[in-house]
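Only one structure is covered here, and it is reproduced in the block below.
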Amino acid sequence: MARKTVNVALIGQGFMGRAHSNAWTQVNRFFRPAAAAVMHTACGRNRASLEDFAARWGWRNCSTNLRAVLRSDEIDLVDLCTPTAMHYAMVTEALAAGKNVACEKPLATKLDQARELVALARKAKARTFVWYNYRRCPAVATAHQLVRAGKIGRIYHVRAVYLQDWAKPEIPLAWRFDRKLAGSGSHGDLNAHIIDMCRFVTGEEITEIAGAIAETFVKERSILTGETTGGLSLGMKKGARKGKVTVDDAVLFLARFSGGAVASFEATRMATGYQNYHGFEIHGTKGAVRFKFERMNELEYYDATADRAVQGWTTIMCTHGGCHPYAEAWWPDAHVIGYEHAFTNQAYDILQVLGGKKPVVPLPDFADAYETQRVLEAALLSAAQKRPVKLSEVK
Ligand SMILES: NC(=O)c1ccc[n+]([C@@H]2O[C@H](COP(=O)([O-])OP(=O)(O)OC[C@H]3O[C@@H](n4cnc5c(N)ncnc54)[C@H](O)[C@@H]3O)[C@@H](O)[C@H]2O)c1
């Protein structure tokens, strides 16, 4: 019997447009998903660069008519890679047209909109997915499995950081610095990922923000002229005029988890020396795990139930097919994978779900991503009002 296929429409051709295109290109080759991806249409604004993009990545069609793409009978899955403020209207339209939607994170710029999208998706009975791709690093998925298997015990401490340093004063006012387009700065961009990862690995929810700090170090930036070209600050051209930065450069907060753990989160684009350093450390009664993305193939594990004489951190190379999630699809042991593979792993799980199968590890849908969005909102509230905020206040 012929395998089910899923016609994908990609919206946006920037950084994530390339990462997702690569994932859709690779997924049928390295995996055998329950439904095969068909790279049907790439949609963007600039016809000339879009044609080049579509030809380079293997999209069969390209279109600058967003509405027609979202409504096309030929499309099964809309994959959104546009600036965060655009997610809401595009997702709403895609859901109304009966599409399944894979949306980049964070789901929306405003909590109200995220809540509405959850309700609309439920009503439309659509399958929804949010690209919290770091869950699909084999080492992070292994940490999730160790916690579920009881190897860490009751969790006491969660410590997570996401540190970048690209937002130097000379970088122009791209959409990421505009609250109307991004919602927040490092917070929605970076804290969103580590909140999602820590919720995923611990299997617990954050119940309270005990306190938070938000800071904008660079208050004004030169106006951006032209497009961003596929990297965070790559190829940005600037004019002489300046505009106001309306988002944070850094947000730090303390939190509590439902199982009683205390936690700290730190996101910044101003951590000179760290280009894309992120990870977590989780300590429990029986053991601990720690992960840092710069060594993304490795998970460190501490077994506190081992004989005291041999207790110590073990570095696990999470590349062993059959033991480590997704590893069997790639290369032999210790033939390491990189940034883009987590996106392909996610594309596989999306296709498994659309083909009626289970994902390898839980996939964040809109309802799940909404929980991360609530935490983002609560932390900003805590920073603005300089007070603890219970998650029950942020619905
Ligand atoms: N999962 C991750 O690790 C990750 C990493 C980076 C960005 N993101 C998220 O992905 C989204 C996009 O970020 P990016 O870094 O790819 O941005 P980008 O600036 O590199 O690309 C944005 C793209 O959207 C296009 N676009 C803008 N308005 C449009 C419109 N009205 N119609 C069609 N296309 C439009 C732009 O032309 C560009 O091609 C954001 O929500 C961001 O938070 C996620």
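General remarks:
Residue-by-condition table, conditions (1) surrounded by fewer than 21 Cβ atoms within 10 Å (Cβ to Cβ); (2) away from the ligand (no atom under 12 Å from the Cβ):
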| position | (1), (2) |
| --- | --- |
| Leu117 | no, yes |
| Trp131 | no, no |
| Val140 | no, yes |
| Lys151 | yes, yes |
| Ala160 | no, yes |
| Leu181 | yes, no |
| Gly188 | no, no |
| Ala210 | yes, yes |
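- Residue match in region 274-289 (condition: in contact with a Cys (Cβ under 8 Å, 6 or more places away or on another chain) and assigned to a loop (DSSP other than H, G, I, E, B)): no
- Residue match in region 370-379 (condition: in contact (Cβ under 8 Å) with a residue 40 or more places away in the chain and either of a type in the set (Ser, Thr, Tyr) or part of a loop (DSSP other than H, G, I, E, B) (or both)): yes
- From the list Thr246, Thr207, the one residue that fits, being more than 26 Å from Pro138 (Cα to Cα), in contact with a Lys or Arg (Cβ under 6 Å, 6 or more places away or on another chain), in a strand (DSSP E or B) and among the hydroxyl-bearing types (Ser, Thr, Tyr), is Thr207.
- Considering region 1-94, the qualifying strands (runs of 3 or more DSSP E), each wholly inside and each with 2 or more residues that are modelled with pLDDT of 95 or more, within 14 Å of the ligand (Cβ to nearest atom) and under 21 Å from Asp189 (Cβ atoms), run over 4-11, 77-80.
- Of all residues in region 162-179, those satisfying the criterion of being charged (D, E, K, R) and either more than 15 Å from the ligand (Cβ to nearest atom) or touching a Cys at 6+ places or on another chain (Cβ under 7 Å) (or both) are Asp165, Lys168, Glu170.
- Lys110 meets the conditions (1) over 29 Å from Thr246 (Cα atoms); (2) in contact (Cβ under 8 Å) with a residue 60 or more places away in the chain; (3) more than 12 Å from the ligand (Cβ to nearest atom) in every case but one. The failed one is (1).
The values are calculated or read from the model by the stated rules, or taken from the named source; none is laboratory data. The structure displayed is predicted, hence computed values, not measured ones. Glycine gets a Cβ as well: all are built from the backbone with ideal geometry, and neighbour counts include every protein chain shown.
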